[in-house]
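Remarks on the structure that follows.
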Amino acid sequence: MYPLVICSLLVWAVIFERLWNYRRLGQSLKSFHLEAMHTLLNNDLDAVRGLCHRNPGLPTARLLMVAFERLSSRDVRLRAHWLEALDRKRQLLNWELRQNLWILGTIGSSAPFIGLFGTVVGILDSFQEMAKSGLGGFAVVAAGISQALVATAAGIIVAVVAVMAFNAFQTRWSDLVLTIRLQIEELSEILALEVLAAESNASKDTKNGS
């Protein structure tokens, strides 16, 4: 039962942690996206950078910072492939959003076997006590077996909670990943247009100067 108690505590700790983070992240993504879109459409890139610095833990803010770092680089190759860098960073952030979900999956698949193992050990102890006492009959081992079966029931309960939470958070994770992808594609599209316009203006200025 001790391993099952530890597993249960881990399950509930992950549940509360993911609930808090996913709920907060969903609300922050929406508000950040609206503000970033409004600022980008006003061609105020400095304000967008400041907005990203004020939200360092937000995935879309971190992605925009990668874009700004690449676009401000002196290396032409880094500037030319900023969208590819953005996509790689996005995939890494998607992986980070799955943090601790493996705990739920592992406990959900192993808890029934832990409970069954406890039951087997309990039944073996009951039969050993019967052998030592020299008494027979089901009544002698009934109490021990009933106590041993509690481990199996506990393992099943822990596993059910873990699997249900894992599936729910997996669905929520997929929703967040899709939201981040759509938001950053929209933001990067506007940013790309502004970069293209800036390059076009710079080229015109160069021609006029020459």
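When restricted to residues that are more than 12 Å from the chain's Cα centre (by Cα) and free of Cβ contacts under 8 Å to residues at least 40 places away in the same chain, the stretch 92-109 contains 1. Looking at Thr60, Thr106, just one residue is of a type outside the set (Gly, Ala, Ser), at pLDDT 80 or above, closer than 25 Å to Trp20 by Cβ and crowded, with 16+ Cβ neighbours inside 10 Å, and that residue is Thr60.
Just one of the listed residues (Ile114, Ile156, Ile145) is over 30 Å from Ala61 (Cβ atoms) and modelled with pLDDT under 85, namely Ile145. Give the number of residues within the stretch 72-84 that are part of a helix (DSSP H, G or I) and either touching a strand residue (DSSP E or B) at 6+ places or on another chain (Cβ under 7 Å) or surrounded by fewer than 18 Cβ atoms within 10 Å (Cβ to Cβ) (or both). So the answer is 7. Return yes or no: is Asn94 on the phi > 0 side of the Ramachandran plot and modelled with pLDDT of 85 or more? Spelling it out, it is not the case that Asn94 is on the phi > 0 side of the Ramachandran plot and modelled with pLDDT of 85 or more. Screening Ser126 against (1) within 23 Å of the chain's Cα centre (by Cα); (2) surrounded by 15 or more Cβ atoms within 10 Å (Cβ to Cβ); (3) free of Cβ contacts under 8 Å to residues at least 40 places away in the same chain leaves a single unmet condition, (1).
With respect to Ala162, is the statement that it is at pLDDT 70 or above and assigned to a helix (DSSP H, G or I) true? Spelling it out, Ala162 is indeed at pLDDT 70 or above and assigned to a helix (DSSP H, G or I). As an exercise: evaluate Val14 against (1) more than 30 Å from Phe117 (Cβ to Cβ); (2) at pLDDT 90 or above; (3) in contact with a Leu (Cβ under 7 Å, 6 or more places away or on another chain) and give the number of the one condition it does not meet. Exception for Val14: condition (1). Annotation: Phe127 fulfils all but one of (1) at pLDDT below 80; (2) under 30 Å from Phe16 (Cβ atoms); (3) aromatic (Phe, Trp, Tyr); the unmet one is (2). Does the stretch 15-23 include one or more residues that are in a helix (DSSP H, G or I) and over 23 Å from the mean Cα position of the chain (by Cα)? No; the residues of the stretch 15-23 include none that is in a helix (DSSP H, G or I) and over 23 Å from the mean Cα position of the chain (by Cα). Going by the structure shown, is Leu45 at pLDDT below 90 and surrounded by 19 or more Cβ atoms within 10 Å (Cβ to Cβ)? No. Can you pull out the residues in the stretch 33-48 that are closer than 15 Å to Glu194 by Cβ, of a type outside the set (Val, Ile, Thr) and either free of Cβ contacts under 8 Å to residues at least 24 places away in the same chain or assigned to a helix (DSSP H, G or I) (or both)? Listed by number, the residues that qualify are Ala36, Met37, His38, Leu40, Leu41, Asn42, Asp44, Leu45, Asp46, Ala47.
Scan the stretch 179-210 for residues that are modelled with pLDDT of 85 or more and either among the acidic types (Asp, Glu) or under 13 Å from the mean Cα position of the chain (by Cα) (or both) and jot them down. If the condition is that a residue be modelled with pLDDT of 85 or more and either among the acidic types (Asp, Glu) or under 13 Å from the mean Cα position of the chain (by Cα) (or both), then Ile180, Glu185, Glu186, Glu189 are the ones that fit. Checked against (1) at pLDDT 90 or above; (2) touching a helix residue (DSSP H, G or I) at 6+ places or on another chain (Cβ under 6 Å), Arg70 meets all criteria but (1). Is it the case that some residue within the stretch 49-70 is under 23 Å from the mean Cα position of the chain (by Cα), without any contact (Cβ under 8 Å) to a residue 24 or more places away in the chain and in a loop (DSSP other than H, G, I, E, B)? Yes, that holds for at least one residue.
The values are calculated or read from the model by the stated rules, or taken from the named source; none is laboratory data. All values reported here derive from a predicted model rather than from experimental measurement. Every residue, glycine among them, receives a Cβ derived from its backbone with ideal geometry; neighbour counts consider all protein chains shown.
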